[in-house]
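J.: If you scroll down you'll find the structure; I have some questions about it.
The values are calculated or read from the model by the stated rules, or taken from the named source; none is laboratory data. Note that the coordinates shown come from a computational prediction; the quantities given were computed from them, not determined experimentally. Here Cβ is always computed from backbone atoms with ideal geometry, including for glycine, and neighbour counts include all displayed protein chains. What goes into the accessible areas is simple: the full protein's heavy atoms, side chains included, and nothing from ligands, DNA or RNA. Shrake-Rupley method; radii C 1.70, N 1.55, O 1.52, S 1.80 Å.
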Amino acid sequence: MTQALIAAALLGATFALTGPALHADTPSAPPEAPMASVMIEDILTGHILPRVESLAATGAALSETASTHCAPEDAELRAAFASAFDAWIAMSHLRFGPSEAEQRAFALAFWPDPRSTGPRVLAGLLAEADPIAETVTDYAQVSIAARGFYALELLLYDPTLMTAGDPAYHCQLVQTIAADIAATSAAMAADWRERYAQAFTQPGPDAIYRSETEVLQEGFKALSTGLQFTSETRLGRPMGTFERPRPARAEARRSGRSGHHVAVSLTALADLADRLSRNDPKLNADLAAHFDRSLARLAALEDPVFATVAEPAGRFRVEALQYSIEEIRALVSGSLGPTLGVAAGFNALDGD
C-alpha cells in the first residue's frame, strides 16, 4: 500500500473450518510460501503485539498527562487522548482473547451507545460529585458506557459536559477515566505477554486453539469483522437512510475523528490482510489495491465527520466509500478464506 495514500487519508481527518491446515507442502501453495507457523508468528509479532504495546504505552502516557493537565481544552491532554485513541482504533479489530476478557474492549470503547447511556451517567456523576470517581477500583463499578475513550471524549469535547459540575470534580473524573484506560490497557498487554502469545503460536489438542488452522481462522475473523464494523457501523450509522440520514450518529464526531477512525482502521486491517495473504502474491496485490482505493476515496471526501451524508451529493460519495469496503469484504470472503482454508463463521455483529 502506498504511504502517500495512507498519509493522505489520515491527514483528511487529522469461523467455521472449511479445509485442512495450511502447511508448506499444501499443493495449492507456491513453493516459496511460508508455513502456517511462520505466518502465525508474523501476525503475532508484526501485527498484534506492537498494537497491544502501543495501546499500553499511550494509555499510560494519557493517564500521566491527565494527572497534571485535566482541563477539557488543555492542548497536551487532548494530544495524549488522540494518541491513545488512535492506538485503540488500530487494534480494535482484535476482539478475541485478552481484549474480550473481563469486558476490556467495552471498558475501553463502548460504542455505539444507542440509548445515550454514557452522557446520562456522566451528567449524573458531575451533578452529584459522586465519590465513586475517587479511585479506579471504585469507578470500575459504574456503567461501562461511562468508561473509556468515548466517555473521556464527552468530558473533553461535549459542549455541555465539558463545563458541567464543579471544575475540581470534573478534573478528578477526567483523571480517573484516564487512569482506568491505562489500567485496562496494561492488563490486556500483560495478558498477551504472559499467556496468550504462547497460546496463539502453540496450538494443541488441549490448548485454546487445537490447530494452526484455528489460529488462522481467528486472524481471518478479526479481518472480516473489522471490515464489517467499519462499513456497517462507522459509515452505516451516520448514513442512516436516504430519507433520514443520521450525521449526528457518526463515531467520535465531537472531537472531529469520525473519518480519521475509518482511516486508522483501514490501515490496520490492510496490514493484517497483507500478512494473511502472502502465500498468494496476486491476491496480496489485489487486496492492497482495494485498500488503497478505499483510502483514496476517504481522503477525497474532505469530510471529517461525514456531515455531508445529509446532502445527496455527499451521501453518494460516502456510499462509494462504503461500496469499496464491501468489495474488500467480498474479496476476503471469496478468495482469502479459501486460500487459508477457513471461513469467518458467526461473529458478534451478526444479527445486530
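J.: Report the local net charge at Phe106: Lys and Arg +1, Asp and Glu -1, summed over other residues whose C-beta lies under 14 Å from its C-beta.
T.: Working: positive: Arg95, Arg104, Arg147; negative: Glu100, Glu102, Asp113, Asp180.
Overall, the nearby charge balance is -1.
J.: About the Cα centre of the stretch 266-318, what is the dipole size in debye to 20, counting +1 per Lys and Arg Cβ and -1 per Asp and Glu Cβ, all else neutral?
T.: Numbers: 7 positive and 8 negative charges, 25 e Å.
Around 120 debye, computed over the stretch 266-318.
J.: Let me ask something additional. Which shape class applies to the stretch 105-239: rounded if a/c is under 1.5, otherwise prolate when a/b exceeds b/c and oblate if not, where a ≥ b ≥ c are the square roots of the Cα gyration tensor eigenvalues? Walk me through the numbers on the way to the answer.
T.: On the way: a/c = 3.57, a/b = 1.76, b/c = 2.04.
Oblate is the answer for the stretch 105-239, as a/c is 1.5 or above yet b/c matches or exceeds a/b.
J.: Ser143: net charge of surrounding residues, Cβ under 11 Å, Lys/Arg +1, Asp/Glu -1, itself excluded? Spell out each step's value before the answer.
T.: Numbers: positive: Arg115, Arg120, Arg147; negative: Asp113.
Summing Lys/Arg as +1 and Asp/Glu as -1 gives +2.
J.: Let me ask something else. Sorted by average packing, counted as other Cβ atoms within 10 angstrom per residue and highest first, what order do 119-131, 41-53, 263-275 take? Intermediate values should be presented prior to the final figure.
T.: Numbers: 119-131: 16.8, 41-53: 18.3, 263-275: 22.5.
Peptide ranking by packing, descending: 263-275, 41-53, 119-131.
J.: Looking at the square roots a ≥ b ≥ c of the eigenvalues of the Cα gyration tensor of the chain, which shape do they give, rounded for a/c under 1.5, prolate if a/b is larger than b/c, or oblate? Don't skip to the end; give the middle numbers.
T.: On the way: a/c = 2.16, a/b = 1.42, b/c = 1.52.
Taking the square roots of the gyration eigenvalues as a ≥ b ≥ c, the chain is oblate.
J.: Okay, next question. To the nearest 500 deg cm²/dmol, what mean residue ellipticity at 222 nm is calculated for the chain from DSSP H runs of n ≥ 4 alone, each contributing -39,500 (n - 2.57), summed and divided by the residues?
T.: Working: 16 runs with 199 residues, N = 352.
Mean residue ellipticity, 222 nm, calculated: -17500 deg cm²/dmol.
J.: Dipole of the chain (Lys/Arg Cβ +1, Asp/Glu Cβ -1, origin at the Cα centre): which of Ala183, Ala145, Ala207 lies farthest to the positive side?
T.: In the chain, that residue is Ala145.
J.: Measuring from label point to label point, each 7 Å out along Cα→Cβ, what is the Thr233 to Glu100 span in nm?
T.: Calculated label separation equals 1.4 nm.
J.: Given the options Val318, Phe220, Asn284, identify the residue whose Cα lies farthest towards the positive end of the charge dipole of the chain (+1 on Cβ of Lys, Arg; -1 on Cβ of Asp, Glu).
T.: Working it through, the farthest residue towards the positive pole turns out to be Val318.
J.: Follow-up question, since we're still on this one. May I ask for the equivalent-ellipsoid semi-axes of the stretch 29-136, computed as the square root of five times each C-alpha gyration tensor eigenvalue and listed largest first in whole Å?
T.: Numbers: eigenvalues 259, 61, 27 Å².
So the equivalent ellipsoid measures 36, 17, 12 Å along its semi-axes.
J.: Could you compute the net charge surrounding His93? Neighbours are other residues with a C-beta less than 15 Å from the C-beta of His93; K and R count +1, D and E count -1.
T.: Numbers: positive: Arg51, Arg95, Arg104, Lys221, Arg234, Arg275, Arg329; negative: Asp86, Glu100, Glu218, Glu232, Glu251, Asp271, Asp274.
So the surrounding residues net to 0.
J.: Okay, moving on. Rounded to a whole number, what % of the accessible area of the chain do carbon and sulfur atoms account for, probe 1.4 Å?
T.: Numbers: 8250 of 15000 Å².
The C+S portion of the solvent-accessible surface of the chain is 55 percent.
J.: Same structure again: Want the number for Arg115 to Glu73: 0.36 nm per residue separation, take away the alpha-carbon distance, what's left?
T.: 12.5 nm
J.: Skip the ligands, DNA and RNA, and give the accessible area per residue of the chain with a 1.4 Å probe, whole Å².
T.: Spelled out: the 1.4 Å probe surface of the chain, per residue, equals 43 Å².
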